[in-house]
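Presented below is the structure to which this report refers.
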Amino acid sequence: MLKYLFAKEDEIPQGTAAIFFAVSSIAWFIIGTGLGSFNAAKLAFPDFFHGSYALQFGHMRQVHVHAVIFGWIAMAFAASMMYITPALGNTKLWSEKLGVWNCLLYNIGLALALALLWAGVTSGREYSDHIWPIDLYIAFVMVLPWALNVWMTIINRRTQGIYTTNWFFGACMFMTIIVFLVGNMPEWLHLTGLNEAYMTWWFAHNILGLLITPVAAAITYYIVPKITGNPLYSHRVGHLHFWSIVVFYSTPAAHHLMSSPLPEWLKSFASVEGVLILVPAIAYVCNILLTMQGRWAMFVENIEIKFTITGVLLAIPLNMQGGFQQTRAINWYIHGTGWIVAHAHLALLGFSTFAEAAAVYYGMQVLLRRKLYSASLANFHFWMILIGFSLYWTSMTIAGLIQGAAKIYEVPYVDVVIGEHPYMIVRWLGGTMVFFGNIVWLYNMIMTARAGTPVPAGRQPAEVAYTR
Amino acid sequence: MAFREYRIGSIMFGVALSISMFITIVLPGIDISSMSSTKTALEKQLTYGWETGFNYYDPFLQGKDKPIKVVLTKDPATGEPIDQTDAYVFPAGTHFPDGITHDNILGDDVLQASVSLGKMDQASEEAGAVFLVQATEDDVPYIENATATRGWQPDATLNAADQQFLAGAGKTMFVREGCWWCHTLLPEETQDWQTFGRPPLVGDFNGESPTTFGSDRKAPDLLHVGSRNSSREWMTMHFFNPRLVQPHSIMPRYDYLWGDKDANGNPVDLAAWDKEYFEYAEGKRVYPPEVPTPAADSEARMLIDFVLNLK
């Protein structure tokens with residue numbers, strides 16, 4: 001990849017930036033889940049690797065979170081956008097060279113950002129932990145060139161309309177930059193107190209709601225019709241999804257602070273808007289599942305559809321939880337417990353990761369013009385993530401219910417720790433399965449590049465038979 | 001522009017996002033900013049100083065540029081006995097907290113009392129200052145600049161102090177070491193009153209940055225922990241190895257915050273301690289090894305001071 005940094009734009013093969021991003025994302029996924037597994041081991045066995053500043057839980061926890069969000073999820077998004085946006089516009093990526101530089105500087109910036117977090121150099125605000133020089137770097141060096149590539153590719157398209165996926169890509173890149181610059185206002189403007197706490201959660205809510213969830217959904221809007229050959233069930237329902245994301249998903253930030261002394265009107269407003277998130281959620285899930293009509297066999301037979309549809313099915317419990325757990329009637333019980341940790345993993349490791357994995361599997365085959373090396377290994381990967389995630393989600397949900405009950409009945413806290421211990425072990429096992437599954441995935445992708453069956457010109461990878 | 005057929009959509013998108021941000025940022029900002037600082041907020045500001053996360057004055061979060069909270073029983077200027085008083089000492093060059101530098105966050109009454117009664121506006125960062133938290137007859141809290149009103153100089157006040165709490169530097173440790181990933185500082189309004197104490201009020205946070213509420217309570221809430229457990233010995237053992245005082249704890253050990261030397265100047269040998277501790281854990285020893293007393297300038301002492309000061 002590095003040889004293309006100083007090549008002329010015309011000499012860089014199409015898809016180079018996307019492949020660079022895709023490989024990076026898998027590598028960061030392995031790092032991120034490895035850190036997650038290590039952290040989980042420390043919660044189950046606290047004297048495991050102790051006495052070291054660098055390996056202490058409080059130094060590593062946020063590194064796991066940011067390696068997964070900015071390394072895996074965001075880079076898989078970048079990879080997807082850099083091949084899906086031009087494909088849907090019947091054109092080339094606006095600048096492969098910018099994309100390759102973008103990816104290099106993204107990797108360097110992320111490594112630096114995580115090293116600083118690891119050393120404890122932090123703003124002390126969850127999800128916007130990065131210090132403001134890193135925030136500026138992320139916004140202007142990591143995200144802006146990526147957004148520019150997406151926007152210019154859409155503008156220079158050779159189709160008349162813009163397909164649903166590209167509305168989301170273009171709008172979400174814009175909203176991400178806005179959220180990043182506005183959400184970090186406490187650092188630019190030295191906001192303090194409740195204003196700072198509220199803006200912290202405004203950022204955390206919107207970076208999820210306006211980047212991760214809609215872009216993952218947009219990817220499935222491309223993958224499912226493309227591979228099954230069915231047209232999207234409804235363009236209109238896609239409109240409903242898009243507009244209700246903009247209106248309803250950008251407003252309920254305060255529901256993350258339901259037990260804090262924020263103004264009551266704000267909490268009530270956020271809670272109602274939070275339930276209305278079910279509008280885009282239901283529109284989206286229905287649209288995709290109805291697109292599958294007559295092609296459900298591919299859910300079993302095709303790796304990419306298997307990943308995508310599993311992600312979409314996981315979006316159902318995700319949104320049902322998300323819509324209702326933030327209402328006062330439920331939130332007082334589960335706020336601040338492992339239930340929320342389980343929910344966060346349902347969003348990022350469940351719904352969104354499965355959609356992105358499909359996009360990376362599919363994109364690598366299309367761009368390399370090679371059929372996936374091994375369907376068996378891919379199935380192994382799928383089941384490792386799905387079973388690992390299920391163990392994680394189930395154990396953390398149970399642990400959260402134990403914590404919630406203990407909170408209500410005012411049980412001494414150490415009894416909660418004792419009660420949770422078995423579930424902490426199960427969580428660690430689940431997370432470790434995901435980690436090992438991902439190592440197999442990287443091997444499978446490397447072997448696809450080296451030894452996958454070439455896909456004939458004019459053919460889709462899905463039309464070629466698996467050989468292993 | 002190939003966007004022409006999307007003109008209406010683009011405008012609608014901008015309008016929708018702007019209205020959304022107006023409702024969720026501007027309106028709450030106006031509402032929250034209209035809240036006056038409470039007495040708790042003034043105490044927190046004076047204890048923790050300027051920002052505690054990454055900032056110009058302490059970029060690597062080492063606990064620099066922080067005030068010292070002291071307990072006085074005699075007047076530092078005259079040496080006369082006085083009622084026990086908490087004072088907040090900002091040695092020369094220490095940056096003042098938000099309430100003094102951005103005094104609009106105090107609220108009108110608090111600001112007026114702080115200036116007219118407390119002479120807050122006469123304090124200077126270059127010379128340093130000693131502050132007190134007082135209340136008017138109408139129970140309006142205000143900041144008193146004791147350097148101007150009583151002639152208490154920072155160095156003299158430190159010398160006259162019965163106790164010094166490095167709680168400001170300790171908050172830096174609390175942020176850097178990620179204590180807030182497991183311990184919340186936010187008793188919930190619905191059901192935490194009996195176990196974890198009074199939930200905070202709206203104005204309790206003015207001027208504090210970061211607030212480190214925490215979101216995932218894997219461990220007890222700490223907002224009032226110093227009222228539940230004020231034993232420095234217990235805290236020292238618990239930070240060195242939580243399993244010494246609570247066998248089921250899953251908290252990490254913070255023994256590395258002791259640094260190289262303990263309070264007596266003896267080297268802290270974590271490996272040797274660990275060996276003896278595991279002999280104790282396996283039943284080969286009757287007592288666990290002694291926990292070294294942290295040195296006066298150690299990071300462990302700062303963190304313990306912070307926790308004990310959470311009343």
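The values are calculated or read from the model by the stated rules, or taken from the named source; none is laboratory data. In this text the structure is predicted, and so the values were computed from the model without any measurement. Heads up, the Cβs are rebuilt from the backbone with ideal geometry, glycines too, and the neighbour counts pull from every protein chain shown. In case anyone asks, the SASA skips ligands and DNA or RNA and just uses the protein heavy atoms, side chains included. Shrake-Rupley method; radii C 1.70, N 1.55, O 1.52, S 1.80 Å.
Structure values in brief
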quantity	calculated
Subset tally (residues that are open to solvent by less than 70 Å² (accessible area, probe 1.4 Å) and under 30 Å from A:GLY193 (Cβ atoms)) for the stretch B:7-29	11
Conditions (1) within 12 Å of chain B (Cβ to nearest Cβ); (2) open to solvent by 10 Å² or more (accessible area, probe 1.4 Å); (3) in contact (Cβ under 8 Å) with a residue 40 or more places away in the chain; number of the one not met by A:ASN206	(2)
Some residue of the stretch B:53-68 being within 22 Å of B:ASP109 (Cα to Cα) and at the interface with another protein chain (Cβ under 10 Å from one of its Cβ atoms)	no
Matching residues in the stretch A:273-284 - criterion: being surrounded by fewer than 20 Cβ atoms within 10 Å (Cβ to Cβ) and either within 12 Å of another protein chain (Cβ to nearest Cβ) or in contact with a helix residue (DSSP H, G or I) (Cβ under 6 Å, 6 or more places away or on another chain) (or both)	A:VAL275, A:LEU276, A:LEU278, A:VAL279
Pick from the stretch B:208-224, criterion at the interface with chain A (Cβ under 7 Å from one of its Cβ atoms) and within 16 Å of A:SER123 (Cα to Cα), ranking: farthest from the chain's Cα centre (by Cα)	B:SER215
Any hit, the stretch A:89-96, residues being hydroxyl-bearing (Ser, Thr, Tyr) and surrounded by fewer than 18 Cβ atoms within 10 Å (Cβ to Cβ)	yes
In the stretch A:434-450, the residues that are within 16 Å of A:LEU368 (Cβ to Cβ) and out of contact with any strand residue (DSSP E or B) (no Cβ under 8 Å at 6 or more places or on another chain)	A:TRP441, A:LEU442, A:TYR443, A:ASN444, A:MET445, A:ILE446, A:MET447, A:ARG450
Subset of the stretch B:257-311 (residues that are open to solvent by 60 Å² or more (accessible area, probe 1.4 Å), among the acidic types (Asp, Glu) and under 21 Å from B:ARG232 (Cβ atoms))	B:GLU290, B:ASP297
Evaluation of B:SER34 against (1) of a type outside the set (Phe, Trp, Tyr); (2) crowded, with 23+ Cβ neighbours inside 10 Å; (3) outside the structural domain of B:ILE105 (by TED's automatic domain parsing) (one fails), failing number	(2)
Given (1) within 20 Å of B:PHE22 (Cβ to Cβ); (2) assigned to a helix (DSSP H, G or I); (3) at the interface with chain B (Cβ under 10 Å from one of its Cβ atoms), number of the condition A:TRP151 does not satisfy	(1)
Enumeration of residues in the stretch A:423-446 that are open to solvent by 70 Å² or more (accessible area, probe 1.4 Å), over 21 Å from A:ALA358 (Cβ atoms) and not aromatic (Phe, Trp, Tyr)	A:LEU429
Candidates A:GLU273, A:GLU301, A:GLU264, filtered to the one that is acidic (Asp, Glu) and closer than 21 Å to B:PHE213 by Cα	A:GLU264
Residue match in the stretch B:146-165 (condition: in a loop (DSSP other than H, G, I, E, B), polar (S, T, N, Q) and closer than 29 Å to B:SER34 by Cβ)	no
Residue, farthest from A:VAL312 (Cα to Cα), within the stretch A:225-239, restricted to residues that are more than 22 Å from the chain's Cα centre (by Cα) and either among the basic types (Lys, Arg) or surrounded by 17 or more Cβ atoms within 10 Å (Cβ to Cβ) (or both)	A:ARG236
Out of A:ALA457, A:ALA449, A:ALA378, A:ALA399, sole residue that is farther than 30 Å from A:THR337 by Cβ and open to solvent by less than 40 Å² (accessible area, probe 1.4 Å)	A:ALA378
Verdict on A:PHE354 being without any contact (Cβ under 8 Å) to a residue 24 or more places away in the chain and either open to solvent by less than 10 Å² (accessible area, probe 1.4 Å) or within 19 Å of A:PRO231 (Cβ to Cβ) (or both)	no
Sole residue being at pLDDT below 95, of a type in the set (D, E, K, R) and assigned by TED's automatic domain parsing to the domain that holds B:PRO199, chosen from B:ARG301, B:ARG228	B:ARG228
Candidates A:ALA405, A:ALA399, filtered to the one that is out of contact with any helix residue (DSSP H, G or I) (no Cβ under 7 Å at 6 or more places or on another chain) and farther than 30 Å from A:SER25 by Cα	A:ALA405
From the options A:PRO13, A:PRO46, A:PRO86, residue that is within 20 Å of A:MET152 (Cβ to Cβ) and either open to solvent by 30 Å² or more (accessible area, probe 1.4 Å) or modelled with pLDDT under 95 (or both)	A:PRO13
Filter result (facing chain B (nearest Cβ under 10 Å) and at positive phi) within the stretch A:400-459	A:GLU410
Of residues in the stretch A:256-267 being in a helix (DSSP H, G or I) and open to solvent by less than 20 Å² (accessible area, probe 1.4 Å), the one farthest from the other protein chains (Cβ to nearest Cβ)	A:LYS267
Flag for A:GLY238 being within 24 Å of A:PHE77 (Cβ to Cβ) and modelled with pLDDT of 95 or more	yes
Residue in the stretch B:9-30 that is within 27 Å of the chain's Cα centre (by Cα), modelled with pLDDT under 95 and among the hydroxyl-bearing types (Ser, Thr, Tyr) present	no
Scope the stretch A:157-179; condition among the aromatic types (Phe, Trp, Tyr) and more than 9 Å from every other protein chain (Cβ to nearest Cβ); matching residues	A:TYR163, A:PHE168, A:PHE169
Failed condition for A:GLY294, given (1) buried (at least 20 other Cβ atoms within 10 Å of the Cβ); (2) of a type in the set (Gly, Ala, Ser); (3) more than 21 Å from the chain's Cα centre (by Cα); (4) under 30 Å from A:VAL464 (Cβ atoms)	(1)
Tally of residues being assigned to a helix (DSSP H, G or I), of a type outside the set (S, T, N, Q) and in contact (Cβ under 8 Å) with a residue 12 or more places away in the chain across the stretch B:12-62	8
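Each row is one residue, and each column tells you yes or no for (1) touching a residue at least 12 places away in the same chain (Cβ under 8 Å); (2) more than 30 Å from A:LEU88 (Cα to Cα); (3) hydrophobic (A, V, I, L, M, F, W, C); (4) away from every other protein chain (no Cβ under 14 Å).
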site	(1), (2), (3), (4)
A:ALA7	yes, no, yes, yes
A:ALA27	yes, no, yes, yes
A:THR33	yes, yes, no, yes
A:PHE38	yes, yes, yes, no
A:ALA41	yes, yes, yes, no
A:PHE57	yes, yes, yes, no
A:HIS64	yes, yes, no, no
A:ALA74	yes, no, yes, yes
